[in-house]
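Written out below as structure tokens is the structure these notes cover.
The values are calculated or read from the model by the stated rules, or taken from the named source; none is laboratory data. Source: prediction; values computed, not measured. Quick reminder, even Gly has a Cβ in these numbers, built from the backbone with ideal geometry, and neighbours come from all protein chains shown.
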Amino acid sequence: MTKFTVRIQEADFSLEHEYQAVLAGKAEAGAVVSFVGLVRDFNDGRNVTGLKLEHYPGMTEKALNDIVQQASERWQLQAATVIHRVGQLSLAEQIVLVIVTSAHRGDAFDACEFIMDFLKTQAPFWKKETTDNGEFWVVAKSADQDKAKTW
């Protein structure tokens, strides 16, 4: 039975805690792949000093669950955890966590990358960067759309 966990939260998360939680009772796991996205200090040639993430409660959780469900239909997963933060974040803070377990590394790697690609293009989050030159809403990049189309 595949276990999915999807959370949207303001609070930070512990990679160690979430790693242990996703493996609990999964002696058959042969691979664990994780990704942690961070607030970086640059984007589109601008110096970023902070990031604010907004979302539409209910709609966002549904979209994330749908993305994880799609991944589970493509690859043989045992568990998947997706945590996405919202609110005001500072440089180097964690934004997103994806952890996937599978019996085989190929399924785990592919599913983790798929989930991240679709979070970037399909999840209803709105990002506003604070920079040295003011605040800017982040627009979707065509490279992210093109990458998602490869799946």
request  = Scan the stretch 1-11 residue by residue and report those that are within 22 Å of V86 (Cβ to Cβ) and surrounded by 13 or more Cβ atoms within 10 Å (Cβ to Cβ).
outcome  = F4, T5, V6, R7, I8
key: Those residues of the stretch 62-104 which are buried (at least 16 other Cβ atoms within 10 Å of the Cβ) and of a type in the set (G, A, S), in sequence order   = A63, A71, S72, A79, A80, S102
ask   = Which ones in the stretch 84-99 are under 12 Å from H55 (Cα atoms) and touching a Ser or Thr at 6+ places or on another chain (Cβ under 8 Å)?
value = H84
The lone exception for S14 - which of (1) of a type in the set (S, T, Y); (2) in contact with a Pro (Cβ under 7 Å, 6 or more places away or on another chain); (3) surrounded by fewer than 15 Cβ atoms within 10 Å (Cβ to Cβ) it fails = (2)
inquiry  = If I ask for residues that are under 19 Å from W75 (Cβ atoms) and either assigned to a loop (DSSP other than H, G, I, E, B) or without any contact (Cβ under 8 Å) to a residue 40 or more places away in the chain (or both), which ones from the stretch 1-26 would you list?
reply    = M1, T2, K26
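For the stretch 33-56, which residues satisfy the criterion of being closer than 30 Å to H104 by Cβ and either of a type in the set (S, T, N, Q) or more than 15 Å from the chain's Cα centre (by Cα) (or both)?
S34 - this is the single residue of the stretch 33-56 that is closer than 30 Å to H104 by Cβ and either of a type in the set (S, T, N, Q) or more than 15 Å from the chain's Cα centre (by Cα) (or both).
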key: Top-ranked residue of the stretch 17-58 - restricted to ones that are within 21 Å of R85 (Cα to Cα) and among the basic types (K, R), ranked as surrounded by the fewest Cβ atoms within 10 Å (Cβ to Cβ)   = R40
note = Checked against (1) out of contact with any helix residue (DSSP H, G or I) (no Cβ under 7 Å at 6 or more places or on another chain); (2) within 20 Å of V33 (Cβ to Cβ); (3) surrounded by fewer than 21 Cβ atoms within 10 Å (Cβ to Cβ), D107 satisfies every condition except (3)
query = So which of D144, D107 is at pLDDT below 95 and over 22 Å from R7 (Cα atoms)?
reply = D144
note = Counting only residues that are assigned to a loop (DSSP other than H, G, I, E, B) and within 29 Å of W137 (Cβ to Cβ), the stretch 27-46 contains a total of 5
request  = Kindly state which strands (runs of 3 or more DSSP E) lie completely within the stretch 47-151 and contain at least 3 residues that are over 19 Å from E18 (Cβ atoms).
outcome  = 125-131, 134-137
remark   = How many residues of the stretch 122-138 are surrounded by 17 or more Cβ atoms within 10 Å (Cβ to Cβ) and closer than 23 Å to R7 by Cβ? The answer is 3
